[in-house]
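The values are calculated or read from the model by the stated rules, or taken from the named source; none is laboratory data. Source: prediction; values computed, not measured. Counting neighbours? That spans all protein chains shown, and the Cβs are built from the backbone with ideal geometry, glycine included.
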Ligand code: FES
């Protein structure tokens with residue numbers, strides 16, 4: 001099963017076993033990753049699942065392109081939007097994500 005590491009704002013890391021086919025958000029929430037709140041349940045309507053993906057990973061991990069819906073929501077995030085900003089609910093776990101480390105954008109509840 002792919003393992004994704006979520007790095008919090010304080011530098012602490014949560015390593016998550018992420019089932020292929022689930023969204024990255026669902027895997028994070030199932031493991032209680034702080035900062036991935038997912039208030040809308042994955043409908044791209046809340047931006048509380050925002051994280052940052054490193055430039056190299058954007059190129060290498062075959063992430064799906066940002067949809068218009070995700071793009072609009074990323075303009076509404078509480079943390080700054082960067083080139084690596086993504087909504088974790090819009091990314092499906094694949095084997096290509098094994099070993100990925102992302103930076104959580106929010107502080108969480
Ligand atoms: S869970 Fe709401 S936008 Fe991702």
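Overview of values
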{"read-out": "Among the residues listed as 23, 67, 62, the single one being at pLDDT below 95 and touching a helix residue (DSSP H, G or I) at 6+ places or on another chain (Cβ under 8 Å)", "value": "62"}
{"read-out": "Residue selected from the range 44-57 under the condition within 17 Å of residue 96 (Cβ to Cβ) and in contact with a strand residue (DSSP E or B) (Cβ under 6 Å, 6 or more places away or on another chain), by the criterion nearest to the ligand (Cβ to nearest atom)", "value": "51"}
{"read-out": "The range 58-74, residues that are within 13 Å of the ligand (Cβ to nearest atom) and part of a helix (DSSP H, G or I)", "value": "69, 70, 71, 72, 73, 74"}
{"read-out": "Hits in the range 85-105 (condition: within 16 Å of the ligand (Cβ to nearest atom) and in contact with a helix residue (DSSP H, G or I) (Cβ under 9 Å, 6 or more places away or on another chain))", "value": "85, 86, 87, 88, 89, 90, 91, 92, 93, 102, 104"}
{"read-out": "Residue match in the range 6-14 (condition: crowded, with 20+ Cβ neighbours inside 10 Å, under 11 Å from the mean Cα position of the chain (by Cα), within 18 Å of residue 93 (Cα to Cα) and within 16 Å of the ligand (Cβ to nearest atom))", "value": "yes"}
{"read-out": "Where residue 77 falls short, out of the listed (1) modelled with pLDDT of 95 or more; (2) within 25 Å of residue 11 (Cα to Cα); (3) within 11 Å of the ligand (Cβ to nearest atom)", "value": "(1)"}
